[in-house]
Structures are given as structure tokens and as C-alpha cells.
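Everything below concerns the one structure shown next.
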Amino acid sequence: MVHKNTRPTVADIRAMKARGEKISMLYVTTPEEAEAADAAGIHMLSIEGRFFSPEMRKAAGRCFVQVGLPYGGWGKFEGRPLATAEDYLRAAYHFSAMGGDCFYCAASIDIQKVLCDNHVPIVAHVGLIPSYITWTGFRAVGKTAREALDLFRHVKQLEAIGCFGAELEVVPDRVGELISKNTSMIMLGMGAGPGADAQYLFAEDVLGHTDGHRPRHAKTYRNFAAEFERLQKERVAAFREFIVDVNDGAYPQPQHNIAIGDKEFDAFKTELGLQRKGKFDA
């Protein structure tokens with residue numbers, strides 16, 4: 001059992017799967033979201049490399065953090081796209097030094113194997129893989145026996161090279177459960193049914209402020225969109241009131257100003273040669 005004040009390790013997450021414990025996981029982009037996840041007791045966080053920083057690691061607290069390594073044209077590390085196994089390994093070591101616990105990698109099997117061979121905990125991706133959608137389109141994967149078998153074989157291939165886990169995205173629930181029960185990897189289910197090892201959602205979906213497509217598997221627990229809209233209206237109203245105060249002379253008022261004593265102010269004017277009548281009006 002993990003001590004409540006320490007964050008889990010790969011071994012701890014694997015032990016949770018072995019015990020049949022459900023794992024909660026969120027994709028977050030801000031320190032506020034990460035801090036809230038830690039306070040709530042979320043087990044795992046997914047944070048893209050472009051958002052990960054020492055501040056984010058501190059905010060994530062006891063959460064086990066998966067850092068996303070940018071794939072191809074989807075992002076850059078140190079000013080350039082990741083292309084070779086060495087590029088990915090360098091990025092993984094960089095984020096590991098910041099406190100990353102495992103690393104999402106959607107590159108080729110060969111590149112994933114290099115990372116695994118260097119003892120880097122890797123989370124791969126199976127099912128609907130967003131970075132590959134030009135080949136497949138956005139759709140569920142595994143609804144035919146042939147596709148389900150290909151999916152299972154992909155999982156076994158990743159298991160064989162030593163991957164720690166894989167995101168299992170948009171697959172039939174029974175397929176997701178069968179795969180999860182027949183692999184040592186941690187299967188992070190996103191629209192893969194209740195049988196996956198983890199249930200993985202985006203914080204923006206949970207909080208109700210998704211910009212764009214909202215996936216079928218998303219569930220909203222709060223309506224932040226309405227709150228953000230209300231706050232924006234309040235911002236505009238406050239700024240307009242400020243303009244009115246400036247124009248009417250209602251701001252600044254005496255309590256907003258810094259005072260100087262008469263003696264010191266007179267001495268200041270004398271030094272400027274402004275004591276002669278008509279040279280100043282202060």
C-alpha cells in the first residue's frame with residue numbers, strides 16, 4: 001500500500017491492477033487543475049510535455065504523472081520535432097528529471113522499444129490513435145472480429161517490448177475488458193468501457209468547458225463554461241466602470257494616493273526654482 005503522503009511508483013500502479021483496484025486518470029493543462037486533482041485523490045494525471053514544468057509537478061502532488069512526448073508535427077521539444085529514438089530518449093530523461101513518472105509515446109515500435117530498453121516507463125496508444133487519424137478517421141476501433149484481433153495483437157506486441165501501459169481509446173466495452181484482463185500492461189481506458197484498468201477523461205470535459213468536439217465517452221460534472229462566460233461579462237463590466245471613474249475623476253481617490261508632507265514638498269519646489277509666484281499651481 002502506498003503511503004498517503006508519497007506518490008505511487010510504476011510498481012504501485014501495477015499492484016493496483018493486480019488487486020483489481022480502479023484507477024482514476026485526468027488530462028490536465030494547468031497547475032490549478034493538477035492541484036485540484038491531487039486534493040481530490042485522483043491517481044494519475046496526463047500532462048503534455050509543453051505544459052509540464054517544475055510548477056506543474058509540484059501542483060500534481062501525490063498524483064502519478066504521465067508526461068506526453070510530442071509526436072511528429074504535433075509538438076516540439078527544444079525547438080524541433082521529435083524524430084529519432086535518441087530525440088525521444090533525451091526528452092524522456094529531461095522530463096524525468098522534472099519528476100515525470102511515465103511517458104506517453106505514440107512513435108514506432110522500434111522507438112518505443114529503445115525507450116523501454118533504457119528502463120523508461122512507456123505508455124503507448126491503441127485503438128483510436130489521434131495522431132494517426134489521417135489513415136483511419138475518427139471512429140471506434142475493434143467492432144469487427146478482425147479489428148479486435150488486430151487490436152489484441154498490437155497490445156501483445158507492446159507488452160513484448162516492455163511497455164508499462166497503453167491508452168485504450170474508443171473500443172467496444174467487451175473488447176476493452178478482455179484485453180485488460182489478458183495483458184500485464186495498465187490499460188488506460190478512454191471510451192473503452194468499465195473493464196479497463198483506468199478510467200481516463202479530460203479535465204475540460206469533466207468541468208464542462210470543452211472547446212470543440214465533445215466525445216461520446218465524456219461526462220460533465222460541473223458547468224464551467226457558464227461560469228467562465230459569467231466571469232468574462234464581469235470583467236468587461238469592471239473595466240467599463242474603471243473607464244467611467246477615470247473620465248469622471250472618481251479614480252484615484254485620496255486613499256489610493258501617496259502623501260508627502262508640506263515641508264518636504266515646499267523644499268522640493270524650492271530646489272526646482274518654482275517658488276516664484278505663477279511658476280506652479282500645485
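A few points about this structure:
- Between residue 237 and residue 12, the modelled labels are 4.5 nm apart [label points 7 Å from Cα along Cα→Cβ].
- Surface exposure of the stretch 193-272, expressed per residue as accessible area with a 1.4 Å probe, stands at 80 Å².
- Legend: residues 156, 58, sorted from most to least accessible area (1.4 Å probe; ligands, DNA and RNA excluded), read 58, 156.
- Helix 85-98 and the longest principal axis of the Cα set of the chain meet at an angle near 50°.
- Exposure of residue 155 as accessible area (Å², to 10), given a probe of 1.4 Å and all protein chains: 0
- 10 Å beta-carbon shell around residue 141, net charge (K/R +1, D/E -1): -1
- Rolling a 1.4 angstrom probe over the protein heavy atoms with all chains in place gives the stretch 1-114 an accessible area of 50 Å² per residue.
- Candidate values (i) 222; (ii) 170; (iii) 124, label of the one derived for volume of the Cα convex hull per residue in Å³: (i)
- Rounded percent of accessible protein surface that carbon and sulfur make up, the chain, 1.4 Å probe: 55
- For residue 167, the residues whose amide H sits under 5 Å from its own are 124, 125, 126, 188, ignoring neighbours fewer than 5 places away on the same chain, with H placed 1.01 Å from N.
The values are calculated or read from the model by the stated rules, or taken from the named source; none is laboratory data. Just so it is clear, the structure is predicted and the values come from calculations on it, not from any experiment. Every residue, glycine as well, gets a Cβ built from its backbone with ideal geometry; the counts of neighbours run over all protein chains shown. Accessible surface areas use protein heavy atoms only, side chains included; no ligands, DNA or RNA. Shrake-Rupley method; radii C 1.70, N 1.55, O 1.52, S 1.80 Å.
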